[in-house]
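Asks: Just passing along the structure, written as structure tokens.
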Amino acid sequence: MDQRDTTQVARMLTPDERKEMLESINSPADLRKLPVEELPVLARALRDFMVESVSKTGGHLSSSLGATELAIALHYVFNTPEDAIVWDVGHQAYAHKILTGRRDAMATLRQTDGISGFPKRSESPYDAFGTAHSSTSISAALGMAVADSLNGKKDRWHIAVIGDGALTGGMAVEALNHAGVYKKDLKLLIILNDNDHSISPPAGALSGHLAKLVSTAPVWKAREISKSILKPVPLLWDFAKRVEKQTVNFLSPPSTLFSSFDINYFGPIDGHDVTGLVSFLKNLKALDGPIVLHVKTKKGKGYKPAEDDPTLYHGVGKFDPVVGIQPSVAPPKKTYTQLFSDWICDTAERDKTLYAITPAMREGSGLVEFEKRFPERYRDVAIAEQHAVTFAAGLACAGIHPVVAIYSTFAQRAYDQIVHDVAIQNLPVLFAIDRAGLVGADGRTHHGLFDIAFLRSLPNMTVITPSDENEMRLLLNTAWTLQTPVAVRYPRGTGPGAEVTADTETVEIGKSKTVRTTSAPKGKRVAILAFGSMVWRLTEVAEALDATLVDMRFVKPLDEEAVLKAAAEHDLLVTAEEGIKAGGAGSAVLEVLSEAGQTTRTLIFGIPDAFIDHGNTEVLMARSGLDPAHVRAKIEAALS
């Protein structure tokens, strides 16, 4: 039965019948009991379920819809979890989760105490490697493959599923370079899930047919026999290699990339022909790795709104699957990302040296409008955080003033470049660090909790923490005046709704702002030294306890005068930050007190020494001891 026939069967089945089929699959073992001809029907059922489920929880939809047949075929052909699948990033792994016993748990996807939106080793034995950041899959799968080869498990397959976007990450290229060293006894399959035409599309049906042909075991063995016969004759061997490479490259231009690493390449093939995928993968199982299989898919496949706008449906909130995502009414408050967008466009209008850089987060970092207005001063460098930072350093060396718009969690990937290429050389690069703090549903891999600690330790670096919308504008203006490295960190979402009255005004570097002053009697005086979002979060606590509240503004340089004044005039100091306590802003305050010999009792509030799971942000704040009720109770206990 060809794909058209099975697709027709899928259309003939009622939604209830498709649902019943899906509910019979509780593990890959159940999946393998199905005749191959029924797999397209299962793909339709999976898509129906995914759209319905994700519309209620939110999540990464279009990528998972596009990888549905791929997930089915991999679990159908390979002996998972003994054979290991590593999903790069993991945005595309929802079908994988559903097929591996987590169908009912999808109702809790990305919810507090629910299942993760990404593969997670502690969640399932089928999640071979925890992912959520890009371009790690080939390295991880190669490591597993080498380990199993050393341990004598030479029949176990290791599959890395990587998108064409993730292949732009330098780490993926490094892994390919390493993988090409191995020629035998290594079961490594790299599946290039090409869904955005970043790599040339297949040259029609002939390409797919011939790719299937050359992947069969007899053809492969014949090629190996030819090598053994021709290799002793250099002229014939060189000629045969040239002909082989030219033939493969004619069929599949992307193979030039992989052949340069001496890795065998097959494809491109249709990633939505599930029966063809199964046949092809069975052929590849008879071979040794490393092997690259190039699969062409369409993001959002099977759900027309997502097919039409895969970017909109990449990461979604709750929506009505019948009508799709509808234009939202403009919120009463702008997000910090929108405030940054306004600021960078306004500043670029005045200053022709401003150049904006993002590592593949144009929409998320608020640079869509900037690209439209200043395309010659904008660059998305793809998923290449290290390159983004050193590229910025190069621009700064030549008189351009770069702004690197980057999420806190992704800035971690470029730490060495921030140290060596920017800070050591004291170059004027402004880091606009979005998603600083707890980010909610994306969880432990995406929380921005470590930037204060790793940035404040760097000589030459200024670290700034705006507390509200107006402070955001003021402090970005201030950061722009510096001719040294500077980071402005701000959280996801909206702030307290402060009116933005600042235009081009600045503030004094390293100076805090006192929000309120205590009138409490001696012995009960509390000073709260708050950083960033904790200023507005603890305003009511300060009012209730009649405490002094200081918006510290700067982690580095810290306002030491304000710290020592607060210590001298109060009986209890409190520091609060939406970041890791270890080595954070509170630690900076303690260092100042220690240096001055000041012994005022001090409470440090921040994220504990743990990785925080996904969930509702306010619930996570409470579990981290950063909600107003917890902070107030702890202060009152200290005073009593």
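Only the coordinates and a few stated rules stand behind these numbers; no lab work does. No experiment lies behind these values; they were computed from the predicted model shown. Here Cβ is always computed from backbone atoms with ideal geometry, including for glycine, and neighbour counts include all displayed protein chains.
Asks: In terms of Cα to Cα distance under 13 Å, which aspartates and glutamates are near enough to LYS581, apart from those fewer than 8 places away along the same chain?
Replies: ASP451, ASP609
Asks: Here's another thing I want to ask about it. Output the antiparallel fraction of DSSP beta bridges having both residues in the chain, as a percent to the nearest 5.
Replies: Working: 9 of 64 bridges.
Here the antiparallel bridges make up roughly 15 percent for the chain.
Asks: Using Cα positions and a limit of under 24 Å, work out the lysines in reach of LYS298, with same-chain residues fewer than 8 apart set aside.
Replies: By straight Cα distance, LYS298 reaches LYS19, LYS56, LYS97, LYS212, LYS282, LYS318.
Asks: Take the alpha carbon gyration tensor of region 474-629, find the square roots of its eigenvalues, order them as a ≥ b ≥ c, and report rounded if a/c is under 1.5; if not, report prolate when a/b exceeds b/c, else oblate. Present the calculation step by step, with values, prior to reporting the outcome.
Replies: Numbers: a/c = 1.35, a/b = 1.09, b/c = 1.24.
Judged from the Cα gyration tensor, region 474-629 comes out rounded (a/c under 1.5).
Asks: Another question about this same structure. Based on C-alpha coordinates, I'd like the Rg and Dmax of region 359-402, in Å.
Replies: Answer for region 359-402, Rg first and Dmax second: 10.7, 28 Å.
Asks: Can you tell me the alpha carbon radius of gyration of the chain divided by the globular rule-of-thumb value 2.2 N^0.38 Å?
Replies: Working: Rg = 27.7 Å, N = 640, 2.2 N^0.38 = 25.6 Å.
Its radius of gyration relative to the 2.2 N^0.38 Å reference: 1.08.
Asks: Could you give the nm distance between label points at VAL619 and GLU82, where each point is 7 Å from its Cα heading toward the beta carbon?
Replies: About 3.8 nm, to one decimal.
Asks: To the nearest 0.05, what FRET efficiency results for ALA498 and ALA544 with a Förster distance of 22 Å applied to their C-beta separation? Each step should come with its number before you reach the end.
Replies: On the way: r = 21 Å, r/R0 = 0.94.
So the FRET efficiency works out to roughly 0.60.
Asks: A further question on this structure: Given N residues in region 1-152, what is its alpha carbon radius of gyration divided by 2.2 N^0.38 Å?
Replies: 1.06
Asks: Okay, moving on. Given points 7 Å out from each Cα along the Cα-Cβ axis, report the GLU505 to LEU639 separation in nanometres with one decimal.
Replies: Using points 7 Å along Cα→Cβ, the separation is 3.2 nm.
Asks: Right, another one. Under 16 Å from the Cα of LYS184, which aspartates and glutamates turn up, not counting those fewer than eight places away in the same chain?
Replies: Once the sequence-local aspartates and glutamates are set aside, what remains near LYS184 is ASP148, ASP155, GLU224, ASP262, ASP288.
Asks: Report the Cα centroid-to-centroid distance between region 30-50 and region 113-186 in angstrom, as an integer.
Replies: With region 30-50 and region 113-186 each reduced to a Cα centre, they are spaced 26 Å.
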